[in-house]
Protein chains: 2
Amino acid sequence: MTMDRRVLVPIERPFVTVDLVILTVRNDRLEVLLVRRPATTGEPYPGLWALPGGFIDVGQDATLEDCARRKLREKTGVESPYLEQLGSYGSASRDPRGWSVTQVYFALIPDEGIALRPGGNADTAAWWSIPEGSTNLGMDLAFDHAALLTAALERLRSKVEYTSLPAFLLPREFTLPELQRAYEIVLGREVEKSAFRRRVLDAEVIRKIPKKTRLTERRPAQLYRLKDEANLKTFARAFGQGKRGG
Amino acid sequence: MTMDRRVLVPIERPFVTVDLVILTVRNDRLEVLLVRRPATTGEPYPGLWALPGGFIDVGQDATLEDCARRKLREKTGVESPYLEQLGSYGSASRDPRGWSVTQVYFALIPDEGIALRPGGNADTAAWWSIPEGSTNLGMDLAFDHAALLTAALERLRSKVEYTSLPAFLLPREFTLPELQRAYEIVLGREVEKSAFRRRVLDAEVIRKIPKKTRLTERRPAQLYRLKDEANLKTFARAFGQGKRGG
DNA sequence: TCAATAGTGTCTCTTAGACACTATCGT
DNA sequence: ACGATAGTGTCTAAGAGACACTATTGA
């Protein structure tokens, strides 16, 4: 940032928030975590569902990302998710209380041992299922959150074409068929088994672990784990868009 | 955004700015526009070079992007550049004056008829040449602007692999050899002519116009124009990383 | 006719899709 | 043995790199 004015603070400041699009795979579906806005009168959009988020706590949060991590932890207990900044949205009109800017992050977490924690406001948190291939929930959300959700889903889908992102939606140990299914759920289309396995294996983003699934109905499957859970890997080549040629 | 607190405004607000990474191709080089910070004591980083930017004017700017466009216009006179949000950077420490968040945009503009306008502070604006293949200027910038510039260059390079972005660095009418050269300047490596032309032409992002270059030394070249100047097009397939296989 | 740049044709190698095939489990 | 899912081999087609080739200008 730079200051082009001589006066320092008298300029009115927009207010700043952080919102989260928290996604997971549950019940063979992509799901997003929403919270219900308090019904208190005076609050904007009372009773509507919204993305979890809130103000930056300048005393507590050292950085924007810290703030996002804190909010994620408060809601889900998850400590180290895949977290990525989606972008920021600011305008005079998006919040009836005044000029506001929100920093949107999206998080991918596995659906294992997550205990949703109601916020301090006794608001309820719940998972909402996203229809296959859709980029919205087909219902109104508070503020511009429906647009933010759509942007997050589009970003996820486009990155999935050339990254290992869906692995973050699964437990630490997973099989290739499970990973393939996660890709299919996110993309909203079927993926060819042989090409999928070649691609994922050739990219060397996952590591075989000396274990197989047991207690399964039929043939057990090899278990894998992300090689580097901290970092997202990019594939050398992208998925195609289905059929080749034309 | 959502409010999880009952209290409304007593929470301290970070201050919010918009910064711009304005890039063009000049002198067969990628160049970035910087402004010199005022030498006034009391101002942070006096005399250092910085990205152009400043506070949001909540009275004047309807949205974040409007604010970015206004600042670009004020500095360069350019009205409709390629403009994309890079991301936001916020922390307690990036500005000595307090918790701040900046929204970084990057703009690609053609080097034609641009008259740099000094800011109201009598600060000077100048183009700085980015060394081929480098992601920084090799000198200190104010605030965290060196990091912001690096992020912008990395984003540009990665998007160039699969989009028509470099066309926005050229005048409206350009030849394929010129476009190829723009790709090479951005990527910092040579690009194979035949494959390049096939790819760009097959992607149908540019349109032949019924004119050729004249007054040129040797054989004239066909002129082209972006088909849709407003929208960025994505190629079906990415550039490779140079030699194949290996 | 030559130098120089614009633009094309074609060979090869790699890889994604398709799909049939084999492998390994519980019952 | 059989059903079901896990996992592999192989054929084909298309795109990218490489590079030699042709085309069109000014001098």
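The values are calculated or read from the model by the stated rules, or taken from the named source; none is laboratory data. As the structure is a prediction and not an experimental result, all values here were calculated from the model. Here the Cβ positions follow ideal geometry from the backbone for every residue, glycine too, while neighbour counts run over all protein chains shown.
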Scanning segment B:43-64 residue by residue, the ones that are at the interface with chain A (Cβ under 9 Å from one of its Cβ atoms) and free of Cβ contacts under 8 Å to residues at least 60 places away in the same chain total 12
Scanning segment A:135-152 for residues that are within 23 Å of residue A:191 (Cβ to Cβ) and touching a residue at least 40 places away in the same chain (Cβ under 8 Å) gives A:152
Looking across segment B:183-205 at residues that are more than 11 Å from DNA strand D (Cβ to nearest atom) and in a loop (DSSP other than H, G, I, E, B), the single one that is farthest from residue B:157 (Cα to Cα) is B:204
Review point. Taking residue A:183, is it surrounded by 12 or more Cβ atoms within 10 Å (Cβ to Cβ), in contact with a Pro (Cβ under 7 Å, 6 or more places away or on another chain) and of a type in the set (Ser, Thr, Tyr)?
Key: yes
Among B:40, B:102, the single one that is facing chain A (nearest Cβ under 9 Å) and surrounded by fewer than 18 Cβ atoms within 10 Å (Cβ to Cβ) is B:40
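Residue by residue, here is whether (1) of a type outside the set (A, V, I, L, M); (2) within 12 Å of DNA strand D (Cβ to nearest atom); (3) within 24 Å of residue A:51 (Cβ to Cβ) holds:
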residue	(1), (2), (3)
A:153	no, no, yes
A:159	yes, no, yes
A:166	yes, no, yes
A:172	yes, no, no
A:179	no, yes, no
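Residues are listed down the side, and each one gets a yes or a no for (1) more than 14 Å from chain B (Cβ to nearest Cβ); (2) modelled with pLDDT of 95 or more; (3) in contact with a Cys (Cβ under 8 Å, 6 or more places away or on another chain); (4) away from DNA strand C (no atom under 16 Å from the Cβ):
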residue	(1), (2), (3), (4)
A:126	yes, no, no, yes
A:129	yes, yes, no, yes
A:133	yes, no, no, yes
A:140	yes, yes, no, yes
A:144	no, yes, no, yes
A:161	no, no, no, no
A:171	yes, no, no, yes
A:179	yes, yes, no, no
A:190	yes, no, no, no
Selection from segment A:194-210 of residues closer than 19 Å to residue A:225 by Cα and within 12 Å of DNA strand C (Cβ to nearest atom) yields A:196, A:197, A:198, A:199, A:200, A:201, A:202, A:203
Exercise for the section: Test residue B:152 against the criterion of being at pLDDT 95 or above, more than 21 Å from residue B:30 (Cβ to Cβ) and buried (at least 16 other Cβ atoms within 10 Å of the Cβ), and give yes or no. Expected result: no
Checked against (1) more than 8 Å from chain B (Cβ to nearest Cβ); (2) more than 17 Å from the chain's Cα centre (by Cα); (3) at pLDDT 95 or above, residue A:107 satisfies every condition except (2)
